[in-house]
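Taking it in order: structure first as C-alpha cells, then the write-up.
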Amino acid sequence: MVKKHPTFHNPIEKQFNEITRYHYFLFLLIFSSKIPIFWHVLNLIFLSPPIDFTCNGNVSKNLCPCREPLWDRSVFQETMQTKFGIHCENSWWISFSHSMNFVGLLIGALVFGFLSDRFGRLSMFNISCLILAVSGCLLSFMPTITVFSFMRSLEGIGCGGAIITAFVLCIEYCNLTHREVITALFHIPSNISHVTLSGISYVFRDFDDFQLAISIPVFFFLCSWWLVMESPKWLMDNYKVDRAVTVMERIGKINGRPCDNVREEIEQYLSHQSETAKTQIKFWHIFKHKQLTVNLGCMSVVYFLCGMGYYGVSQYIGKMSGNIHINVAISGILLLPGSLCSIFLLHWLNRRTFLMITIFFSGFFMILVVCVPLKLPILRVILASICNCFFFTSFIIVFLYGVELFPTSIRNSVLGFLSVLSRIGQISAPLINSLPETASGLIFGFLALIGTLLCYFLPETKDSELPSSLDDTKILIRRRIHLLEDDSSTTNVPLSIID
C-alpha cells in the first residue's frame, strides 16, 4: 500500500481561484496578440502563391528557360516571384526562404524558452514581439532575396518566442480549475488568424503592403510591458518574494480584493519546501530522473507527430478549392469545431485519456481517407477535415499537458524544446506529402497510432497544481500509481502485472 502524502497548497494558485477583472484584461490582451503573431506563421501562403508567367509572347505558361517572364498579375500585383525574379532555375529560393523562417521558429522557441525560465515570461514575450514587428516590417524593404531570407529567419525567431512565452504566462496566471478552458481559448485566436489572413491578402494584393499590414499591429502589443505584470508564480518559484508580493498586491488592488496575508503565505509555503524542492533544476537534469526522461521522450514524439500530422493534413485540405483566399479561409473554419469542443472535453476527460483518443482518431480517419476511392473526392475531403480537427485538438491538449508535467524552473525550456520537435514535424510534412498519396496517408495514419501507445506511459495531471519543484513532479508519479492500484483492484488484476 502506497502511503498518502500531504497535499501542498500553492498560495499563488489559491489567490487565483477565481477569474477576476485583471485576468479578463490579461487574457484579452495576450489572446488578441496571437492573431497578428500567428499571421506570420501562415504568411508564406500569400508571400509566394502560385503565379503563372509567359515568355517571349508564347501563349504556353511557365515554360523554361525564360529570361524576361511576363507575370500574370490578375490575382496578385506583387509576390516574391515577381519582386525578386524567381522562376525556373532559381525557384529553389522560395522553399529556401520559407525553410529559413522554419529554422527561425525552431531557434526562437528553444532560445526564448530557456531565456524566459531565466529572466521571466513577460520580458521575453515583449522582446519576441519587438523582434517580430521590426523584422516583419523590414521584409517589405529588402532589396535582394538573400537578405530577405535572412530577415525571414529573424521573423521566425520572434514568432516562435512570442507564442510559447505568451502561453506559459497565461497558464501560470490560472488556478487548476480554469486551466483547461484557458488552454482551449488560447488556440481560438489561431483559428481567427487563419481565417482573417485570407481577407488581409484579398485587400492587400501587393507583397510589400501585405507584409506591412500583418506586422504593424504587433507593435501595439509591446504596451503589455506597462499594462500587465510578470507571472507571480515564476517570481515566487525563483525566490523573488518581494516582487511576487508586489504583483499580488497590485492585482488585489485592481480587483478590489486586498491580499493582506500573501507575503506570509508565500514565505510559509517556501519554508516548507524540502531541500530538493529548493534546488532549481536545469533542463539537462531531466535525464538524471527516470520518469522525467520518460515524460520528455514520450511528449517529444507526440509533439513531432502533432506538428507533422496537422500541417501535413492541412496541405491536403488546401486542395479543396482553386481560389487561394477561399481555400485558406475554409481550412481555418474547419478547425473551429475542435477548439470549441476541447473547452468542454478538457473538463470531462483526463489529460492522458483525451490525448490518446484524439491521436488515435487522427490516425484512424487518415487511414479511412486512404481507403476511400478517388472517385469520391467530397467524402475524402470530409474525412480529412475530421482528421485535421483531431490533430489540432491534440495540439491543444499537448500544449497544456507539457506545461503540467514539468516544474517551473524548466517549464518554458521544455516547452521550447518540444516546440522544436513540433516544427521539425512540420518541416517533414511536405517531404511526406511528396510521396504517392496512398503512402503519405498511411504514414500519417500509422505514426499517429504509434503515438497513441506512447501516451500510456505519461502520468495523469488533471486537477493537479502546476509543479513548482522536482518533489511536486514525483507526486504526479504517485498519483499514477494510485490510479493503477484502483484499476487493478477493480479488475482484480495484481499491480505487479500492471507494473
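The values are calculated or read from the model by the stated rules, or taken from the named source; none is laboratory data. What you see is a predicted model; the values in this text were computed from it and never measured. Positions of Cβ are generated from backbone atoms using ideal geometry, with glycine treated the same way; all protein chains shown enter the neighbour counts. With ligands, DNA and RNA removed, areas are computed over all heavy atoms of the protein, side chains included. Shrake-Rupley method; radii C 1.70, N 1.55, O 1.52, S 1.80 Å.
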Any chance you could count how many residues in segment 451-471 are farther than 25 Å from Lys288 by Cβ and in contact (Cβ under 8 Å) with a residue 40 or more places away in the chain? 4
Just checking, does segment 451-472 include any residue being modelled with pLDDT of 75 or more, among the aliphatic types (A, V, I, L, M) and part of a helix (DSSP H, G or I)? yes
Quick check: anything in segment 369-385 farther than 23 Å from Ser314 by Cα and not aliphatic (A, V, I, L, M)? no
Conditions (1) among the aromatic types (Phe, Trp, Tyr); (2) out of contact with any Ser or Thr (no Cβ under 8 Å at 6 or more places or on another chain); (3) crowded, with 20+ Cβ neighbours inside 10 Å: number failed by Phe417: (2)
Is it the case that some residue within segment 437-445 is out of contact with any helix residue (DSSP H, G or I) (no Cβ under 6 Å at 6 or more places or on another chain) and open to solvent by less than 10 Å² (accessible area, probe 1.4 Å)? no
Condition first: of a type in the set (Asp, Glu) and within 19 Å of Phe167 (Cβ to Cβ). Now tell me which residues in segment 234-251 satisfy that. Asp237
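Do we have any residue at all in segment 125-143 that's of a type in the set (Val, Ile, Thr), at negative phi and open to solvent by less than 10 Å² (accessible area, probe 1.4 Å)?
no
Okay, residues lined up against (1) touching an Asp or Glu at 6+ places or on another chain (Cβ under 6 Å); (2) closer than 26 Å to Thr408 by Cα; (3) open to solvent by 40 Å² or more (accessible area, probe 1.4 Å); (4) not in a loop (DSSP other than H, G, I, E, B):
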residue	(1), (2), (3), (4)
Phe186	no, yes, no, yes
Tyr202	no, no, yes, yes
Asp209	no, no, yes, yes
Cys223	no, yes, no, yes
Asp260	no, yes, yes, no
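May I ask you to verify whether Phe417 is assigned to a helix (DSSP H, G or I), closer than 23 Å to Asn191 by Cβ and of a type in the set (Phe, Trp, Tyr)? Break it down stepwise before answering.
Details: assigned to a helix (DSSP H, G or I): yes; closer than 23 Å to Asn191 by Cβ: no; of a type in the set (Phe, Trp, Tyr): yes.
When the stated conditions are applied, Phe417 does not pass them.
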Take Leu235 and tell me if it is open to solvent by less than 30 Å² (accessible area, probe 1.4 Å) and closer than 12 Å to Leu122 by Cβ. yes
Condition set in a loop (DSSP other than H, G, I, E, B) and more than 20 Å from His187 (Cβ to Cβ), scope segment 349-394, selection least open to solvent (accessible area, probe 1.4 Å): answer is Val372
Just a yes or no: is a residue in segment 19-38 over 30 Å from Ser464 (Cβ atoms) and part of a helix (DSSP H, G or I)? yes
Let me spell it out: the conditions are (1) open to solvent by 20 Å² or more (accessible area, probe 1.4 Å); (2) under 21 Å from the mean Cα position of the chain (by Cα), and Asn433 meets all of them except one. Which number is the exception? (2)
Of the conditions (1) within 15 Å of Ile30 (Cβ to Cβ); (2) in contact with a helix residue (DSSP H, G or I) (Cβ under 8 Å, 6 or more places away or on another chain); (3) open to solvent by 40 Å² or more (accessible area, probe 1.4 Å), Phe219 satisfies every one except a single condition; which number is it? (1)
What is the residue count in segment 21-63 for residues that are open to solvent by 50 Å² or more (accessible area, probe 1.4 Å) and touching a Lys or Arg at 6+ places or on another chain (Cβ under 7 Å)? 1
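In the list Ile254, Ile266, which residue meets the criterion of being in contact (Cβ under 8 Å) with a residue 40 or more places away in the chain, open to solvent by less than 50 Å² (accessible area, probe 1.4 Å) and part of a helix (DSSP H, G or I)?
Ile266
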Of the criteria (1) over 26 Å from Ser140 (Cβ atoms); (2) surrounded by fewer than 21 Cβ atoms within 10 Å (Cβ to Cβ); (3) touching a residue at least 60 places away in the same chain (Cβ under 8 Å), which one Ile12 fails: (2)
So Phe102, is it at pLDDT 90 or above and either surrounded by fewer than 19 Cβ atoms within 10 Å (Cβ to Cβ) or under 22 Å from Ser215 (Cα atoms) (or both): no
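Matching residues to (1) within 19 Å of Phe210 (Cβ to Cβ); (2) in contact with a Gly (Cβ under 9 Å, 6 or more places away or on another chain); (3) at pLDDT below 90:
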position	(1), (2), (3)
Met80	yes, no, no
Phe84	yes, no, no
Asn90	no, no, yes
Phe96	no, no, yes
Leu115	no, yes, no
Cys129	no, yes, no
Gly136	yes, yes, no
Phe141	yes, no, no
Here's a check for you: in segment 292-320, which residue that is modelled with pLDDT under 80 and open to solvent by 40 Å² or more (accessible area, probe 1.4 Å) is nearest to Ser428 (Cα to Cα)? Gln315
Residue list for segment 71-99, restricted to those being in contact with a strand residue (DSSP E or B) (Cβ under 6 Å, 6 or more places away or on another chain) and either open to solvent by 30 Å² or more (accessible area, probe 1.4 Å) or within 15 Å of Arg152 (Cα to Cα) (or both): Trp71, Gln77, Glu78
Do we have Glu230 as of a type in the set (Asp, Glu), open to solvent by less than 30 Å² (accessible area, probe 1.4 Å) and farther than 30 Å from Ser271 by Cβ here? no
